[in-house]
Amino acid sequence: VEEVEEVEEVEEVEEVEEVEEVEEVEEVEHARTEEIESLDVSTGSQTEIAVATLKEKLEDPSRKSEAESLYGSDGDELIAAFSADALNENPEWGEDPNDEAEIALHQLELAQKYIEMNMVQTALEILDRVSVSPHKESAEAARALIDVHRE
């Protein structure tokens, strides 16, 4: 019974914190909207309007409060946030097209060297990873090599 009460209390506290965060985000967004609207096109320069718009997009209050709550907590929550599960739920966190292309090309070259050394199974494991790469050219090349070398 005590455990159920503790769980209910924790859930209530979490709900209150979420509501407070949402209210804070809404207040900041409202203030930014007012700031942008106050820059009347006829009196404000295009540069001021562009800067205000860019500033609004760069300073996302929901992300800031999320980061503050994450880094302000204990180490376990921080570790969980950057776990494989968290990255699978948010794949865009690790995406950089240039890095993806470089890594995929390197893995493709590595797999080809393994094939030349007659280590086909190892090469196929690497090619399986490359075949799902966001770098389309490498992924297509990997699938072609898999088709040729898979028995």
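Bear in mind these aren't lab numbers, they're just calculated from the coordinates by the rules spelled out. Note that the structure is predicted; figures quoted are calculated from it, not measured. Note that each Cβ is placed from the backbone with ideal geometry, even for glycine, and that neighbours are counted across all protein chains shown.
Using 0.36 nm per residue, how much length does the chain from T122 to E15 gain when fully extended, once their Cα-Cα distance is taken away?
Gain on extension, T122 to E15, equals 33.6 nm.
Mind giving me the FRET efficiency for A101 and E27? R0 is 41 Å, r the Cβ-Cβ distance, nearest 0.05 is fine.
Calculated transfer efficiency: 0.50.
Could I have the simple spin-label model distance between A50 and H149, label points 7 Å from Cα toward Cβ, reported in nm to one decimal?
Once both label points are built, they end up 5.0 nm from each other.
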